[in-house]
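Only one structure is covered here, and it is reproduced in the block below.
The values are calculated or read from the model by the stated rules, or taken from the named source; none is laboratory data. Predicted model only: the values in this text are computed from it and were never measured. All Cβ positions, glycine included, derive from the backbone under ideal geometry; neighbour counts span all protein chains shown.
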């Protein structure tokens, strides 16, 4: 069997693993995605590990994009590659334009653990995507910051990056709010001080505060301070309206 014929085999294997009932459930979480087969993520991860141990280059070169699972699988394989950093990042760059939903984006980011071994190189790779014209290119960069760079060495730079995102897309704004809330969980005083400067647009700012208040990683006292931000801003807005 020639190498290009591997992709149809993978597609057929995915079809055999598919569960129509699970596809119906997953579709509710992925509005606008109508090419779901219904393969569960742990099953996809097992297949991705196997492909990454084989002739992964032939697989990625020939892989199809016709279903949600095929796109998800490609991202997982890239994350599992035992290859030089530049090879992994080149494959990542080729894959990012294929991301068309939050699930593929976030799963890909969670698997791209090369960020832990060469953090500076990956930072340089991901930050240009903060200005990407495609929403899921921007979300990729924000979620990578969230997963791998919320630490003492990078916090100020991460907050600056989040403040600089100006993209009118729900999934981008929610990613920024999620990342900012996780910054608050890890560094509450510094993040609350940053939030008091109103660096985010009003919608994202409010979502950030709400995510902070919903988080189990944030203390009651910090949640109280976060809620106070919204109360103070509401009073200020009313005062301006009455003036």
Residues located in the stretch 34-69, provided they are farther than 17 Å from residue 12 by Cβ and surrounded by 17 or more Cβ atoms within 10 Å (Cβ to Cβ):
45, 52, 56, 60
Residue ranges of helices (runs of 4 or more DSSP H) in the stretch 27-124 with at least 2 members closer than 24 Å to residue 16 by Cα
41-53, 56-62, 68-80, 102-111
How many residues are over 10 Å from the mean Cα position of the chain (by Cα) and either part of a helix (DSSP H, G or I) or at pLDDT below 95 (or both) when one looks only at the stretch 125-139?
8
Pairs needed: first member in the stretch 74-88, within 15 Å of residue 54 (Cβ to Cβ); second member anywhere, modelled with pLDDT of 95 or more and not in a helix (DSSP H, G or I); C-beta distance under 8 Å; at least 6 residues apart or different chains.
78/112
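Quick grid of which residues meet (1) out of contact with any helix residue (DSSP H, G or I) (no Cβ under 6 Å at 6 or more places or on another chain); (2) in a loop (DSSP other than H, G, I, E, B):
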| site | (1), (2) |
| --- | --- |
| 153 | yes, yes |
| 159 | no, no |
| 167 | no, yes |
| 175 | no, no |
| 182 | no, no |
| 193 | yes, no |
| 198 | yes, yes |
